[in-house]
Amino acid sequence: MKKSTLFLIILLTTCVFLCVSPVCTQADFTSAQVKDISGRAYEPALIELLDGATESIVISMYNISLGTKTRNPVRLLLNDLLEARARNVSVTLYLNTRFRDVDKEKVRLIENPELKRLEDAGCVIHLMPANRRLHDKLIIVDSRYVVEGSTNWSISALRDNFESATLIDSPRLAKIKLLRLELLPVSTKPQIKQLPRPLYTENIAETIDIPKTLLEDRRYFSQMLTRQDERSMDLYLIVLAHSQAINEKEFFIDLESMGISLGMPDSWSDTALRRQVIKSLKKLRSNYDLIGVQFFYGKDAWIELMDIPGDSFSVSSGLIKPNLDTECSMRLKFLLMIKAFLKANGEKIDSMSTSELAKRFNVHWTTINSALCELRELEGSR
């Protein structure tokens with residue numbers, strides 16, 4: 001067979017394969033509600049989103065040009081960001097710093113005093129290194145709404161140009177976009193004003209639903225107690241409570257805020273807080289197989305809670321909230337969970353001996369005995 005004929009057969013076979021093979025599988029697609037907001041529809045739709053934001057606004061933008069007039073559409077959008085900060089909505093901006101000559105303007109945000117106003121309000125600013133170009137025109141609101149298209153934040157784009165833009169209601173797509181931004185090789189401008197860190201022990205439900213397996217299986221809480229690994233237990237309970245509060249199994253956590261939530265001194269540096277939380281997260285992943293976690297240099301951590309089969313029981317979230325009056329030891333927390341577990345089963349802790357409790361929940365009887373003494377002291381002081 002001639003080489004030319006063989007080459008033609010291979011070429012035709014490849015073409016047929018490419019024609020019948022789908023470029024993407026069904027699993028690659030994300031369901032969403034979609035709305036076209038091209039042209040002049042972009043600005044009012046975006047204003048409505050920014051004004052209605054309750055949790056977070058994330059913007060990744062190639063060019064934000066303010067113009068020379070005091071009141072113009074770009075400055076009004078930036079003012080919406082300041083108003084969002086006043087409502088305690090987190091605002092994060094990823095900004096390009098490398099421009100073509102035709103795009104260079106003296107009124108770009110990265111060279112304007114308006115940038116400091118945003119920083120002073122507590123906005124987090126990430127800058128793309130000058131040797132890389134960020135060409136996004138992307139806004140994500142409340143980890144749900146995604147706005148993407150060709151529209152920069154400039155007067156010409158908002159008022160004159162023919163621009164294409166789409167509003168997408170899809171928490172899953174928002175999650176994918178946010179994860180991509182977390183991986184960008186950006187630097188972080190220091191915040192001029194440090195706002196109080198939100199605690200993960202705030203705004204959670206009065207009870208936490210805990211899988212019974214965590215108490216019954218010696219690989220989990222009983223092993224933590226035996227190893228005196230109190231921080232891992234506390235961290236998991238806080239992560240579990242946060243997951244139930246936001247109704248998500250996968251989410252980002254702020255490592256510094258988590259450190260403060262765990263009772264670490266707020267006088268510690270961010271690096272020290274992050275180091276300790278990362279250490280405990282790695283234990284939860286490697287030693288106990290309770291979470292999946294991804295770390296990003298100098299940024300938040302991405303958490304995935306592993307599914308634990310079986311029934312659950314409810315325990316008071318006061319177990320993980322700091323109490324200035326009463327210090328709750330690890331063994332007492334363990335016993336309080338046992339008490340709630342038994343109550344959910346229609347049993348009473350008083351009806352069981354110390355040795356029975358120890359055997360059932362995989363710890364030494366002296367641990368149970370000491371915890372029972374603490375419990376009696378606690379109940380007697382109330």
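Any read-out appearing in this document is the output of simple, stated calculations on the displayed coordinates, not a laboratory observation. Values in this document were obtained by computation on a predicted structure and should not be read as measured data. As a convention, Cβ positions derive from the backbone with ideal geometry for all residues, glycine included, and neighbour counts pool all protein chains shown.
Of 249/283; 177/249; 116/321; 282/321; 249/279; 282/348, which sit over 28 Å apart, Cα to Cα?
116/321; 282/348
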(message) I'd like the Karplus ³J(HN,Hα) series for region 112-119: coefficients 6.51, -1.76, 1.60, θ = phi - 60°, whole numbers in Hz, and an x wherever there's a Gly or Pro.
(response) 10, x, 4, 4, 5, 4, 5, 5
(request) For residue 203, put the label point 7 Å out on the Cα→Cβ axis and report which residues of region 42-60 keep their amide N under 12 Å from it. (result) 54-57
(message) Please compute the length gained on full extension between residue 99 and residue 75, using 0.36 nm multiplied by the number of residues separating them and subtracting their Cα-Cα distance.
(response) 6.6 nm
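Counting Lys and Arg as +1 and Asp and Glu as -1, what is the net charge of the other residues whose Cβ lies under 12 Å from the Cβ of residue 373?
-1
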(message) Give me the net charge for the shell around residue 50: Cβ to Cβ below 9 angstrom, other residues only, Lys and Arg +1, Asp and Glu -1.
(response) -4
(message) Once you place label points 7 Å from the Cα toward the Cβ at residue 365 and residue 264, how far apart are they in nm?
(response) 4.0 nm
(request) Calculate how many DSSP beta bridges within region 32-189 are antiparallel, expressed in % of all such bridges and rounded to the nearest 5. (result) 65 percent
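When Lys and Arg each count +1 and Asp and Glu each count -1, what net charge do the other residues less than 11 Å away from residue 341, Cβ to Cβ, add up to?
+1
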